[in-house]
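The values are calculated or read from the model by the stated rules, or taken from the named source; none is laboratory data. Note that the structure is predicted; figures quoted are calculated from it, not measured. Reconstructed Cβ throughout: ideal geometry from the backbone, glycine too, with neighbour counts over all protein chains shown. For the accessible areas, the whole protein counts, side chains as well, though only heavy atoms, and no ligand, DNA or RNA atoms are used. Shrake-Rupley method; radii C 1.70, N 1.55, O 1.52, S 1.80 Å.
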Amino acid sequence: MEQKTLYDKIIEWVKNQDKNSNRSLMVNGLAGTGKTTLLSHLSSYLSKSYFQTAIVSLTGRAVVSITEKFDKYNINRKGLSFSTIHSFLYNAKIMEVETGVSGVYDIFFEFLPRKELDDIFELLFIDEASMIGEGIFNDLKKLKIPKIFFGDLNQLPPIENGNNSKGFNISDHVDCNLYLKTPIRNVNNYDIILTAIKIAENGFVPSDINSENLRRLDWNKNGKNLWEGLNHSNNNFINLAYRNKTKTKLNSKIRGIYDFKENAPYPGEKVVILKNNYTYGIFNGEIYKCFFSNIIIGGNESLLKIRIYDENTIKNKKTILTSGLFFNGISNILDIARHEKTIRYKDSIKDGVIKEIEYDNLLPDINLKRLSLKALSRLVRTFIVPVDYGYVITIHKSQGSEWGNVVIFDDFNFLKGESYSRLFYTAITRSKGKVIVFNM
């Protein structure tokens with residue numbers, strides 16, 4: 001069995017490493033070949049037998065998926081550390097810098113690599129390695145800990161600092177590469193897995209992909225009516241599109257179906273995070289449900305407070321501020337000033353109108369009176385999380401996550417060759433159950 005062979009090879013590789021080694025191994029597996037299951041069994045065995053072990057992934061949702069795999073197969077995870085790569089690697093630090101004016105300081109935010117990791121951990125597993133860009137990989141590489149990467153390099157290339165890292169291939173920068181190619185047969189979506197493997201091996205999408213769990217339908221003929229009847233609020237279901245324009249249009253359509261008229265999320269609505277925010281501990285691409293939302297500064301260009309939660313970990317509610325795609329007010333700050341328990345700002349939308357943000361229990365415990373207005377502006381922006389409605393998200397945002405059922409809007413069929421096949425491969429492999437593809 002391929003998994004057992006790799007299991008033994010990896011155990012042998014780990015035992016041959018010095019505990020202060022920075023050598024690395026990559027397990028590159030096609031969809032449905034059991035990468036996360038293999039990772040779970042390996043890390044559990046090695047942590048209790050030999051090594052202090054950490055498991056990390058790029059997104060919080062991907063970390064939750066790993067722990068769910070442990071629980072599903074009753075794998076012992078005692079003693080293992082689970083976290084996102086960013087929270088594992090970096091300490092966030094607010095730096096105060098003199099401005100040249102006596103008693104007035106500027107600030108900037110710096111994320112410094114943790115120095116104690118080499119002394120705490122002896123083995124590191126990194127899941128969803130295909131999403132890791134060159135910058136984060138280089139910071140991981142510096143750790144004097146043996147590292148085992150798991151990923152599917154047939155998915156989309158990583159996005160780092162807003163740029164496509166297509167030229168970076170993690171398998172070219174590790175010391176050893178192993179491969180999983182054989183799919184696990186006893187899964188519900190075996191026909192989807194076989195289609196994905198054909199796409200990866202042949203480099204193109206078959207013209208006829210209809211099977212038990214994978215259907216391609218014409219949107220204008222019978223697809224639209226079917227789609228409107230689906231339960232879009234179901235946490236185990238997602239719509240995927242390539243274009244932001246398609247995503248925005250369909251999110252608006254769904255909100256109309258549910259008669260949501262206000263341009264703010266109603267309780268129970270899905271919202272997706274559009275940018276990492278280490279202050280709140282939430283990350284790009286994660287989907288939450290809205291617990292409540294309210295406008296804390298009036299007008300159409302207001303600041304919005306949203307209480308969000310992950311249905312899989314419903315106790316972990318977080319309150320965030322957003323202007324994002326809901327509101328524009330604070331995104332164009334022209335002027336900002338301090339006043340008692342508030343930060344006042346003037347935006348370009350309503351010129352000359354002063355608005356206020358309460359900073360008690362919201363901003364970090366630093367001396368705000370020492371800061372320059374420029375520093376205060378930067379500090380306020382740190383707490384603004386761009387979000388969007390999360391019924392329909394982009395394929396890029398979906399990487400690292402899985403749902404029971406997935407609808408794909410093929411608004412990218414103008415692309416050719418590898419670009420199209422990678423998008424299609426990534427999209428259909430987000431599903432653990434059924435997939436419907438709508439021709440657009």
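Restricting segment 211-221 to residues that are surrounded by 12 or more Cβ atoms within 10 Å (Cβ to Cβ) and in contact with a strand residue (DSSP E or B) (Cβ under 8 Å, 6 or more places away or on another chain), the residue that is nearest to residue 389 (Cα to Cα) is 219.
Under 6 Å between Cβ atoms, which residue pairs at least 6 apart in sequence (or on different chains) link something in segment 1-27 that is farther than 20 Å from residue 173 by Cβ with a partner that is in a loop (DSSP other than H, G, I, E, B) and open to solvent by less than 70 Å² (accessible area, probe 1.4 Å)? From segment 1-27, the pairs are 3/34; 19/122.
Among the conditions (1) at pLDDT 90 or above; (2) among the acidic types (Asp, Glu); (3) not in a helix (DSSP H, G or I), residue 139 misses just one, which is (3).
If only one of 181, 249, 224, 198 is touching a residue at least 40 places away in the same chain (Cβ under 8 Å), out of contact with any His (no Cβ under 6 Å at 6 or more places or on another chain) and open to solvent by 20 Å² or more (accessible area, probe 1.4 Å), which one is it?
Working: 249 fails: touching a residue at least 40 places away in the same chain (Cβ under 8 Å); 224 fails: touching a residue at least 40 places away in the same chain (Cβ under 8 Å); 198 fails: touching a residue at least 40 places away in the same chain (Cβ under 8 Å).
181 is the lone residue from the list that is touching a residue at least 40 places away in the same chain (Cβ under 8 Å), out of contact with any His (no Cβ under 6 Å at 6 or more places or on another chain) and open to solvent by 20 Å² or more (accessible area, probe 1.4 Å).
If you go through segment 286-294 one residue at a time, do you hit one that is part of a loop (DSSP other than H, G, I, E, B) and out of contact with any Pro (no Cβ under 9 Å at 6 or more places or on another chain)? The answer is yes, given that some residue of segment 286-294 is part of a loop (DSSP other than H, G, I, E, B) and out of contact with any Pro (no Cβ under 9 Å at 6 or more places or on another chain). Of all residues in segment 119-130, those that are touching a residue at least 12 places away in the same chain (Cβ under 8 Å) and within 15 Å of residue 61 (Cα to Cα) have Cβ atoms under 7 Å from Cβ atoms of residues that are open to solvent by less than 10 Å² (accessible area, probe 1.4 Å) and among the basic types (Lys, Arg), 6 or more apart or on another chain, in 126/147.
Of all residues in segment 42-64, at least one satisfies being surrounded by fewer than 22 Cβ atoms within 10 Å (Cβ to Cβ), at pLDDT below 85 and of a type in the set (A, V, I, L, M). For the subset of segment 218-262 comprising residues that are more than 19 Å from residue 403 (Cα to Cα) and touching a Phe, Trp or Tyr at 6+ places or on another chain (Cβ under 6 Å), which member is modelled with the highest pLDDT? Looking at the filtered set, the residue picked out is 246. Taken over segment 189-213, residues that are over 25 Å from the mean Cα position of the chain (by Cα) and either in a loop (DSSP other than H, G, I, E, B) or among the aliphatic types (A, V, I, L, M) (or both) amount to 12.
Return yes or no: is residue 261 part of a loop (DSSP other than H, G, I, E, B) and over 15 Å from the mean Cα position of the chain (by Cα)?
Working: part of a loop (DSSP other than H, G, I, E, B): yes; over 15 Å from the mean Cα position of the chain (by Cα): yes.
It is true that residue 261 is part of a loop (DSSP other than H, G, I, E, B) and over 15 Å from the mean Cα position of the chain (by Cα).
For the structure I just gave you, tell me whether residue 187 is touching a Lys or Arg at 6+ places or on another chain (Cβ under 9 Å), open to solvent by 40 Å² or more (accessible area, probe 1.4 Å) and touching a residue at least 60 places away in the same chain (Cβ under 8 Å). Answer is yes for this residue.
Regarding residue 266, is this residue exposed (fewer than 15 other Cβ atoms within 10 Å of the Cβ) and either touching a Phe, Trp or Tyr at 6+ places or on another chain (Cβ under 8 Å) or within 30 Å of residue 158 (Cβ to Cβ) (or both)? Taking the combined requirement at face value, the residue satisfies it. Screening 37, 33 for residues that are under 17 Å from residue 148 (Cβ atoms), in a loop (DSSP other than H, G, I, E, B) and touching a residue at least 12 places away in the same chain (Cβ under 8 Å) leaves exactly one candidate, 33.
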